[in-house]
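The values are calculated or read from the model by the stated rules, or taken from the named source; none is laboratory data. Since the structure is predicted, the reported quantities are computational estimates derived from the model, not experimental observations. Positions of Cβ are generated from backbone atoms using ideal geometry, with glycine treated the same way; all protein chains shown enter the neighbour counts. Surface areas here come from the heavy atoms of the whole protein model, side chains and all, with no ligands, DNA or RNA. Shrake-Rupley method; radii C 1.70, N 1.55, O 1.52, S 1.80 Å.
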Amino acid sequence: PPRQEQKQMAMWNIPTIHNFLDLSQGSKYGDVFNFAIHTGLRRSEICGLRWDAVDLAEGRLRVVRTLHSINGHGLVEGLPKTKRSRRNIALAPETVELLREVQGTQKLQGVEFGDLWNDTGYVFTRPNGLPLVPQEVTKAFTGFVRAHNLPHLTFHGLRHAFATLGMSAGFNPKVVSEGLGHSTVGITLDVYSHVLPN
């Protein structure tokens, strides 16, 4: 039988990634987009991240739960898709600073909304504290990309942006692989070897 051709995934180059980060700063989901690019987390992992899994003093977080929107059931928490997906991630100083700003914004929103504030414990929330709806994040991302005439990319593609930045900067592929939660470094190299510096 004929071999199935492995298609190269759509990815942004580094100038496009930086342009996107500049454009999205201050937008409704700008913090989520920034966080996705700098951590490589999946959409469900970002939406399911709670403050009890984040250590800002140590600059680390644990990926231990996900959040999905399921028809007929609403938002449902679950576990990451594989054992390797349940992982610890070291955060860059700028990502720690981003999370501190998110935390400060939530405190202000809590005061503003008063009794209507929902202390759900999620890192990224709607203005009233309720968790984000994953599909709305994707819809907002797609609309933002189109509105700014950026090359087509899915929200999942922000994981590729994380890998592209890491591999191009010369990070050990094993480190990038662990950040992405891939089961083996071979998967990471198969997908991203073309962005390696040499």
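Here's the yes/no breakdown for (1) over 14 Å from the mean Cα position of the chain (by Cα); (2) within 21 Å of Thr105 (Cβ to Cβ); (3) part of a helix (DSSP H, G or I):
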{"residue": "Asp31", "(1), (2), (3)": "no, yes, yes"}
{"residue": "Asn34", "(1), (2), (3)": "no, yes, yes"}
{"residue": "His38", "(1), (2), (3)": "no, yes, yes"}
{"residue": "Ser44", "(1), (2), (3)": "no, no, yes"}
{"residue": "Glu58", "(1), (2), (3)": "yes, no, no"}
{"residue": "Leu61", "(1), (2), (3)": "no, yes, no"}
{"residue": "Ser69", "(1), (2), (3)": "yes, no, no"}
For segment 102-118, does any single residue satisfy the condition of being under 19 Å from Tyr29 (Cβ atoms), in a helix (DSSP H, G or I), out of contact with any Leu (no Cβ under 6 Å at 6 or more places or on another chain) and aliphatic (A, V, I, L, M)?
yes
Note: among Thr66, Thr95, just one is touching a His at 6+ places or on another chain (Cβ under 8 Å), surrounded by 14 or more Cβ atoms within 10 Å (Cβ to Cβ) and in contact (Cβ under 8 Å) with a residue 12 or more places away in the chain, namely Thr95
Within segment 9-30, track down each residue that is open to solvent by less than 70 Å² (accessible area, probe 1.4 Å), closer than 17 Å to Arg126 by Cβ and touching a residue at least 40 places away in the same chain (Cβ under 8 Å).
Ser27, Tyr29
Mind counting the residues in segment 168-179 that are outside any loop (DSSP other than H, G, I, E, B), surrounded by fewer than 22 Cβ atoms within 10 Å (Cβ to Cβ) and free of Cβ contacts under 8 Å to residues at least 40 places away in the same chain?
3
Kindly indicate whether any position in segment 49-56 is of a type outside the set (A, V, I, L, M, F, W, C), assigned to a helix (DSSP H, G or I), out of contact with any His (no Cβ under 7 Å at 6 or more places or on another chain) and touching a residue at least 24 places away in the same chain (Cβ under 8 Å).
yes
Matching option when the condition is within 24 Å of Ala92 (Cα to Cα), part of a loop (DSSP other than H, G, I, E, B) and not hydroxyl-bearing (Ser, Thr, Tyr), among Phe141, Phe155:
Phe155
Step by step: first the residues of segment 126-167, then only those that are of a type in the set (S, T, N, Q) and open to solvent by 30 Å² or more (accessible area, probe 1.4 Å), then the one that is farthest from Glu112 (Cα to Cα). Which residue is that?
Asn149
Could you tell me whether any residue of segment 102-118 is touching a residue at least 40 places away in the same chain (Cβ under 8 Å) and either of a type in the set (Gly, Ala, Ser) or open to solvent by 90 Å² or more (accessible area, probe 1.4 Å) (or both)?
no
Is it fair to say Ile89 is open to solvent by less than 90 Å² (accessible area, probe 1.4 Å), hydrophobic (A, V, I, L, M, F, W, C) and free of Cβ contacts under 8 Å to residues at least 12 places away in the same chain?
no
